[in-house]
Amino acid sequence: MRIWKPLRLAALLAVLALMLAACGGGAEQSQPAAEAEGGAGTEAAAGAGATAIDTTCQVTLPAEGEGSAQGMTDDPVATAASNNPALSTLVSAVKEAGLVDTLNSLQGATVFAPSNAAFEKIPPETLSAVLADKEKLTSILTLHVVPNEKLDAQALANKGSAPTVNGQEITFAAEDGSLVVNGQATGICPNVRTANATVHIIDTVLMPQA
């Protein structure tokens with residue numbers, strides 16, 4: 001008995017030591033795994049948040065009729081814009097440049113449509129001079145058209161850049177949940193559908209590079 005008890009106690013202590021070591025090792029392994037999983041999830045969420053576009057329209061469109069968001073889907077882009085009072089200045093410019101038929105005949109396009117307020121940012125005398133210069137006006141307006149692709153705001157942000165009918169390339173980025181076009185304009189009513197184009201109403205007129 002004197003021999004048995006110490007041996008039994010020693011064996012129990014050895015088993016207990018092994019159990020504690022195993023538990024300690026498990027805790028050390030599980031903590032980095034949890035941190036890695038959480039880190040990856042946070043990074044993915046941040047990435048998604050950085051590129052997500054808010055598609056809320058900040059422009060007052062007619063609730064119904066040809067100029068409404070639904071009504072515009074039935075007409076080609078220039079005709080659809082002419083029915084929308086928020087785009088009346090743009091429509092006048094398109095007519096001055098003789099681009100109505102050109103825009104209406106496009107077989108798929110992405111169009112950046114400056115609102116009336118966007119044109120109001122241009123000094124009146126400068127705007128009058130531009131409207132009187134057909135070549136310059138055409139250069140400006142065609143910078144607002146990406147041909148052959150009907151791209152929504154998220155697709156544009158993912159794409160990063162695209163050539164325009166003007167010949168110059170413009171860029172796209174997602175900043176604070178909004179689509180920024182060429183570093184000059186912000187999308188204030190994205191993803192408006194027309195029969196032959198996807199229209200993004202913007203808050204500033206894009207200007208070609210010199």
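The values are calculated or read from the model by the stated rules, or taken from the named source; none is laboratory data. As the structure is a computational prediction, the values presented were derived from the model and not from experiment. Heads up, the Cβs are rebuilt from the backbone with ideal geometry, glycines too, and the neighbour counts pull from every protein chain shown.
Select the strands (runs of 3 or more DSSP E) contained entirely in region 146-187, then report the ones holding at least 3 residues which are among the acidic types (Asp, Glu). Quick ask: steps written out before the conclusion?
Values: elements: 161-163, 169-175, 178-181.
Counting at least 3 such residues, we get no strands (runs of 3 or more DSSP E) at all.
Can you name the number of the only condition in (1) outside any helix (DSSP H, G or I); (2) modelled with pLDDT of 95 or more; (3) closer than 14 Å to Ile201 by Cα that Ala118 fails?
For Ala118, the exception is condition (1).
Go through region 135-160 residue by residue and tally those that are surrounded by 13 or more Cβ atoms within 10 Å (Cβ to Cβ) and free of Cβ contacts under 8 Å to residues at least 40 places away in the same chain.
4
Looking at (1) surrounded by fewer than 16 Cβ atoms within 10 Å (Cβ to Cβ); (2) farther than 30 Å from Gly65 by Cα; (3) under 22 Å from the mean Cα position of the chain (by Cα), find the lone condition where Phe172 falls short.
Tallying (1) surrounded by fewer than 16 Cβ atoms within 10 Å (Cβ to Cβ); (2) farther than 30 Å from Gly65 by Cα; (3) under 22 Å from the mean Cα position of the chain (by Cα), Phe172 fails exactly one: (1).
Could you figure out which of (1) surrounded by fewer than 20 Cβ atoms within 10 Å (Cβ to Cβ); (2) touching a residue at least 40 places away in the same chain (Cβ under 8 Å) isn't true of Ile188?
Tallying (1) surrounded by fewer than 20 Cβ atoms within 10 Å (Cβ to Cβ); (2) touching a residue at least 40 places away in the same chain (Cβ under 8 Å), Ile188 fails exactly one: (1).
Looking at Asn116 and the list (1) without any contact (Cβ under 8 Å) to a residue 40 or more places away in the chain; (2) over 26 Å from Glu175 (Cβ atoms), which single condition is not satisfied?
Result: Asn116 fails condition (2) only.
Against the definition (in contact with a helix residue (DSSP H, G or I) (Cβ under 8 Å, 6 or more places away or on another chain), among the aromatic types (Phe, Trp, Tyr) and closer than 24 Å to Gln58 by Cβ), how does Phe119 come out, yes or no?
yes
Counting only residues that are in a helix (DSSP H, G or I) and free of Cβ contacts under 8 Å to residues at least 40 places away in the same chain, how many does region 57-72 have? First the steps, then the outcome.
The initial filter retains those residues of region 57-72 that are in a helix (DSSP H, G or I), namely 71-72.
Retained after the next criterion (residues that are free of Cβ contacts under 8 Å to residues at least 40 places away in the same chain): 71.
Residues meeting the conditions: 1.
Can you name the residue in region 91-112 that is more than 27 Å from the chain's Cα centre (by Cα) and of a type outside the set (A, V, I, L, M) and is also surrounded by the most Cβ atoms within 10 Å (Cβ to Cβ) among such residues?
The selected residue is Glu96.
Using the structure shown, decide if Ala113 is at pLDDT 95 or above and assigned to a helix (DSSP H, G or I).
Values: at pLDDT 95 or above: yes; assigned to a helix (DSSP H, G or I): no.
The answer is no for Ala113.
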